[in-house]
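Engineer: Sending over a structure as structure tokens; questions will come in a sec.
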Amino acid sequence: MNILIILNEPPYGTERSYNGLRMAKSLSNDEVHITVFLMADAIVCAKSGQKVPQGFYNLELMLKSVVRKGDVLMCGTCMDARGITDTDAIDGAQRSTMKELAERTLAADKVLVF
């Protein structure tokens, strides 16, 4: 089964991206392939070197666990608009396009949007 999760919200200040990644981790297993597509302010979720207060969730670490078993794609236009480069992103996260998002959407068994 292929599941596409689209995140739109920033990593901190709202819990939508956090909850989307919690869902991604919960759904991830040998029979399910997860793709997380980051758009708009959710691009910042994939920024490497995040430092958060002790005991606070860290979306960089959560995304790294998704990368191990699935795909993390980032809207290239959204990256450019926010000054995020490929080298700013965590290892395994890939620059992508709306065309690829459309293809992944059509190929997915389920699409979840946060």
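The values are calculated or read from the model by the stated rules, or taken from the named source; none is laboratory data. In this text, all values refer to a predicted model and were calculated from it rather than measured experimentally. For neighbour counting, all protein chains shown are included, and Cβ atoms are generated from backbone atoms with ideal geometry for every residue, glycine included.
Engineer: Scan the stretch 67-114 for residues that are at pLDDT 95 or above, basic (Lys, Arg) and within 15 Å of His33 (Cα to Cα) and jot them down.
Structural biologist: Arg104, Lys110 - these are the residues of the stretch 67-114 that are at pLDDT 95 or above, basic (Lys, Arg) and within 15 Å of His33 (Cα to Cα).
Engineer: Hey, another quick one. Only residues that are exposed (fewer than 14 other Cβ atoms within 10 Å of the Cβ) and hydrophobic (A, V, I, L, M, F, W, C): list them for the stretch 80-97, please.
Structural biologist: Ala81
Engineer: OK, next. Return the total of residues in the stretch 49-66 being farther than 13 Å from Leu38 by Cα and not in a loop (DSSP other than H, G, I, E, B).
Structural biologist: Of the residues in the stretch 49-66, 4 are farther than 13 Å from Leu38 by Cα and not in a loop (DSSP other than H, G, I, E, B).
Engineer: Residues of the stretch 1-18 being in a loop (DSSP other than H, G, I, E, B) and within 14 Å of Val72 (Cβ to Cβ), which ones?
Structural biologist: Pro11
Engineer: How many residues does the stretch 19-48 hold that are assigned to a loop (DSSP other than H, G, I, E, B) and surrounded by 13 or more Cβ atoms within 10 Å (Cβ to Cβ)?
Structural biologist: Going through the stretch 19-48 one residue at a time, the tally reaches 3.
Engineer: Does at least one position in the stretch 59-79 carry a residue that is in contact with a Lys or Arg (Cβ under 9 Å, 6 or more places away or on another chain), surrounded by fewer than 17 Cβ atoms within 10 Å (Cβ to Cβ) and either acidic (Asp, Glu) or under 21 Å from Tyr12 (Cβ atoms) (or both)?
Structural biologist: Yes: one or more hits.
Engineer: If you don't mind, another one. Are there any pairs, at least 6 apart or on different chains, whose C-beta atoms fall under 7 Å, with the first in the stretch 86-113 and outside any helix (DSSP H, G or I) and the second loosely packed, with under 13 Cβ neighbours inside 10 Å, and if so, which?
Structural biologist: Cβ pairs passing all conditions: Arg95/Asp86; Asp109/Met1.
Engineer: Looking at the stretch 67-85, which of its residues are in a helix (DSSP H, G or I) and among the charged types (D, E, K, R)?
Structural biologist: Hits for the stretch 67-85 are Arg68, Lys69, Asp80.
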